[in-house]
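This report concerns only the one structure given below.
The values are calculated or read from the model by the stated rules, or taken from the named source; none is laboratory data. These numbers were taken from a predicted model, which means no experiment stands behind them. With ideal geometry, Cβ positions are generated from the backbone for all residues, glycine too; neighbour counts draw on all protein chains shown. The area values use the complete protein model at the heavy-atom level, side chains included, leaving out ligands, DNA and RNA. Shrake-Rupley method; radii C 1.70, N 1.55, O 1.52, S 1.80 Å.
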Amino acid sequence: MMRRDRRSRKEEADGVRASLAPGSLNGAITIVAILLFVALASAAMSDAVQHYFGSGAHTDQALAVALLLNIALILVGWGHNRHLLREVGVRTAAEERAHQLAAKDPLTGFLNRRSLAEAGAMMFTNVAGRPKAMALLLLDLDHFKMVNDLHGHATGDALLKEVAREIAEAMPPAAIAARLGGDEFACAFPFDRTHPALVEGVADTIVTRLARPFHADGLHLHISASVGIARSDTGCAGFDALMRSADTAMYAAKNAGRNRFAWFDQSMERDLKARNALETELRNAIPRGEIVPYFEQQIDLMTGRITGFEVLARWEHPARGLIEPAVFIPIAEQTGLISELSLSLMNQAFHAARDWDAGLSLSVNFSPLQFRDAWLAQKVIKVLTETRFPANRLEIEITEAALLDNLALTQSIVGSLKNQGVRLSLDDFGTGFSALAHLRALAFDHLKIDRSLIMSIESSAESTAIVTAITRLGDSLNLPITAEGIEDARIEERLRTLGCARGQGYLYGQPTSVANTRRLLAERRLLQTPAAGIAAVPGKDHRRIA
């Protein structure tokens, strides 16, 4: 297809040249002038010879003038032809340049999406019915947005050029490569269908190369890639279907942990359909109030007293029963529903906890994606105001990912919340590569040690050393420490000895619903009396949130 386009452009250019050559009016005039010149020159030469040999004849002055005029006409026509041919050359070069820009990505020199569709469809047709098959690799860079946000788009573009160079070097000779836009690339090539190891080798080479540190704009940058692979001999009706299969496999590689490749299989398509169905249900579940708060106890390790609860999301599905957050939270993040879900959850939790003991706090996890919303603080304050829940009883938990994504915006959001009395906790502390630097970036009120460290403290000397160091750091900075994931009394005792202030985990009970949490607090006399509590909002039953 592309060759035919180039051929047609060449034929058009040749036609333009032909229109300017002797076949055109200008060319015809030039030819007539040349023929007239030959005739006049012959006559003039004959006249001059006769005069030279003394025949008595004199040179015809009119003939000489005509000859000179004819020479001038030839020179004018020749100059005009040269000018027009030069214009044709400029126009042809411009058309070729425009074709290049329309067909290729200007940054990397790879094909663009439209050109890949054309070239890919041709390759798909060529391998059909032959011993060969077509492999399509679709890859997406992991954490590339962070490079743009932290270092600017110029650095991001420089990195993309380096990535394209690595991909090109990993490709077999017959491959075509394209940049589909942003940080998404594709490459396709034919292979012997009985030797898929060749395809895996190419994919593994790409993953390995892109996991190495890059040097761009004088910086050392670390990224990785998730690669999806599809082959044409697995029932694909055409190149578009092959693209969809590779895209599905790429997201499977991302969901499996990134920095890897995955082959497409039919189970992925079934999973994708199930995921899309769940997304549709989730969109309806949030306004219906099916996503409800569950509460996990936080215990003072020295006294055994309940100090507060962490608010956790549960989906009370009318047909599937209770769905854990690991199933639907990633979907909410991917679809942009996470903010609506979080605000709904807070609204329910704040209403439920308004008449709990004033010393009980609520900890709410925020997704890093929520900190991209410049209005997040105002939205939280609005929920606090509407529910009349005291801001000093709310603790926001954030992970280091929120700080890495956009530190300046996160600082602004956190500053607005802290001005209202909201407290701030750094979640999963001890697992990030730059946690100490982030302690200086924001005024944290609390640190939470990641559950993976707590659960392995009995079996891993390294985990023990990290937990010990964190507790000492917290003590020196006057930051209380909460240990997550306590499931054993021996671990609890060890953490108490180390100086951890609070703990939470299944040792103290699993997360419970609003009704069951309220029953627990009533048993421990941690509910405010009607006289001490806040006046009820008309139409609200604060004993239970449905």
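Give the residues of segment 169-214 that are touching a Cys at 6+ places or on another chain (Cβ under 9 Å) and not β-branched (Val, Ile, Thr), sorted by residue number.
Once the filter is applied, which keeps residues that are touching a Cys at 6+ places or on another chain (Cβ under 9 Å) and not β-branched (Val, Ile, Thr), segment 169-214 yields Ala170, Met171, Ala175, Ala177, Ala178.
Determine which single condition Cys236 fails, assuming it passes every other condition in (1) assigned to a helix (DSSP H, G or I); (2) surrounded by 15 or more Cβ atoms within 10 Å (Cβ to Cβ).
Against the list (1) assigned to a helix (DSSP H, G or I); (2) surrounded by 15 or more Cβ atoms within 10 Å (Cβ to Cβ), Cys236 comes up short only on (1).
Which residues, counting only those in segment 307-342, are small (Gly, Ala, Ser) and surrounded by fewer than 20 Cβ atoms within 10 Å (Cβ to Cβ)?
The answer is Ala319, Gly321, Ala326, Gly336, Ser339.
Could you please let me know if Arg244 is surrounded by fewer than 14 Cβ atoms within 10 Å (Cβ to Cβ), among the basic types (Lys, Arg), modelled with pLDDT of 90 or more and outside any strand (DSSP E or B)?
Considered against the rule, which asks whether it is surrounded by fewer than 14 Cβ atoms within 10 Å (Cβ to Cβ), among the basic types (Lys, Arg), modelled with pLDDT of 90 or more and outside any strand (DSSP E or B), Arg244 comes out as no.
So which of Glu269, Glu279 ends up being surrounded by 15 or more Cβ atoms within 10 Å (Cβ to Cβ) and acidic (Asp, Glu)?
That would be Glu279, the only listed residue that is surrounded by 15 or more Cβ atoms within 10 Å (Cβ to Cβ) and acidic (Asp, Glu).
Which one is farthest from Arg518 (Cα to Cα), of the residues in segment 291-304 that are out of contact with any Lys or Arg (no Cβ under 8 Å at 6 or more places or on another chain) and at pLDDT below 95?
Out of the qualifying residues, it is Thr303.
Kindly state which strands (runs of 3 or more DSSP E) lie completely within segment 262-327 and contain at least 1 residues that are touching a residue at least 24 places away in the same chain (Cβ under 8 Å), touching a strand residue (DSSP E or B) at 6+ places or on another chain (Cβ under 6 Å) and of a type in the set (Phe, Trp, Tyr).
291-300, 306-317
Hey, Leu426 hits all of (1) under 21 Å from His143 (Cβ atoms); (2) in a strand (DSSP E or B); (3) within 25 Å of the chain's Cα centre (by Cα) but one; which does it fall short on?
Status for Leu426: all satisfied but (3).
Looking for something at pLDDT below 90 and more than 19 Å from Thr108 (Cβ to Cβ) - is there at least one such residue anywhere in segment 150-158?
The answer is yes; a qualifying residue exists.
Give me a count of the residues in segment 467-477 that are over 13 Å from Cys500 (Cα atoms) and among the β-branched types (Val, Ile, Thr).
Counting residues in segment 467-477 that are over 13 Å from Cys500 (Cα atoms) and among the β-branched types (Val, Ile, Thr) gives 0.
Quick one: is Arg165 open to solvent by 60 Å² or more (accessible area, probe 1.4 Å), touching a helix residue (DSSP H, G or I) at 6+ places or on another chain (Cβ under 9 Å) and not acidic (Asp, Glu)?
No, not satisfied.
Would you mention how many residues in segment 355-378 are of a type in the set (Ser, Thr, Tyr), in contact with a helix residue (DSSP H, G or I) (Cβ under 7 Å, 6 or more places away or on another chain) and under 20 Å from Ile413 (Cα atoms)?
The total comes to 1.
For the list (1) within 20 Å of the chain's Cα centre (by Cα); (2) closer than 16 Å to Met243 by Cβ, I need the number of the one condition that Asn148 fails.
Unmet condition: (2).
So which of Leu210, Leu221 is buried (at least 20 other Cβ atoms within 10 Å of the Cβ), of a type outside the set (D, E, K, R) and farther than 24 Å from Ala119 by Cβ?
After applying the criteria, what remains is Leu221.
Does segment 367-374 include one or more residues that are among the charged types (D, E, K, R) and assigned to a loop (DSSP other than H, G, I, E, B)?
yes
If you scan segment 285-306, which residues turn out to be open to solvent by less than 70 Å² (accessible area, probe 1.4 Å) and within 33 Å of the chain's Cα centre (by Cα)?
Across segment 285-306, the qualifying residues are Ala285, Ile286, Gly289, Glu290, Ile291, Val292, Pro293, Tyr294.
Go through Ala174, Ala188 for me and flag whichever is touching a strand residue (DSSP E or B) at 6+ places or on another chain (Cβ under 9 Å) and not in a strand (DSSP E or B).
None of the others qualify; the one that does is Ala174.
Which of the numbered conditions does Ala262 fail, given that it passes all the others? Conditions: (1) over 20 Å from the mean Cα position of the chain (by Cα); (2) open to solvent by less than 60 Å² (accessible area, probe 1.4 Å); (3) not charged (D, E, K, R).
(1)
Out of segment 368-404, which residues are surrounded by fewer than 19 Cβ atoms within 10 Å (Cβ to Cβ) and either among the β-branched types (Val, Ile, Thr) or modelled with pLDDT under 95 (or both)?
The answer is Pro368, Leu369, Arg372, Asp373, Ala374, Ile381, Thr385, Ala401, Leu404.
Please state which of the following conditions Gly505 fails to meet, knowing it meets all the rest: (1) surrounded by fewer than 22 Cβ atoms within 10 Å (Cβ to Cβ); (2) at pLDDT 90 or above.
Of the numbered conditions (1) surrounded by fewer than 22 Cβ atoms within 10 Å (Cβ to Cβ); (2) at pLDDT 90 or above, the odd one out for Gly505 is (1).
I need the full set of residues from segment 439-493 which are over 19 Å from Tyr508 (Cβ atoms), acidic (Asp, Glu) and not in a helix (DSSP H, G or I), in order please.
Residue satisfying the conditions is Asp445 alone.
So which residues in segment 322-351 are in contact with a Pro (Cβ under 7 Å, 6 or more places away or on another chain), over 20 Å from Asp445 (Cβ atoms) and hydrophobic (A, V, I, L, M, F, W, C), if there are any at all?
The one that is in contact with a Pro (Cβ under 7 Å, 6 or more places away or on another chain), over 20 Å from Asp445 (Cβ atoms) and hydrophobic (A, V, I, L, M, F, W, C): Leu345.
Of the conditions (1) at pLDDT below 95; (2) open to solvent by 50 Å² or more (accessible area, probe 1.4 Å), Arg519 fails just one. Which one is it?
(1)
Would you pick out the residues in segment 455-496 that are open to solvent by less than 40 Å² (accessible area, probe 1.4 Å) and without any contact (Cβ under 8 Å) to a residue 24 or more places away in the chain?
Ser456, Ser460, Ser463, Thr464
Quick test of your reading of the structure: Thr529 fulfils all but one of (1) assigned to a loop (DSSP other than H, G, I, E, B); (2) modelled with pLDDT of 95 or more. Name the failing condition by number.
That leaves (2) as the condition not met.
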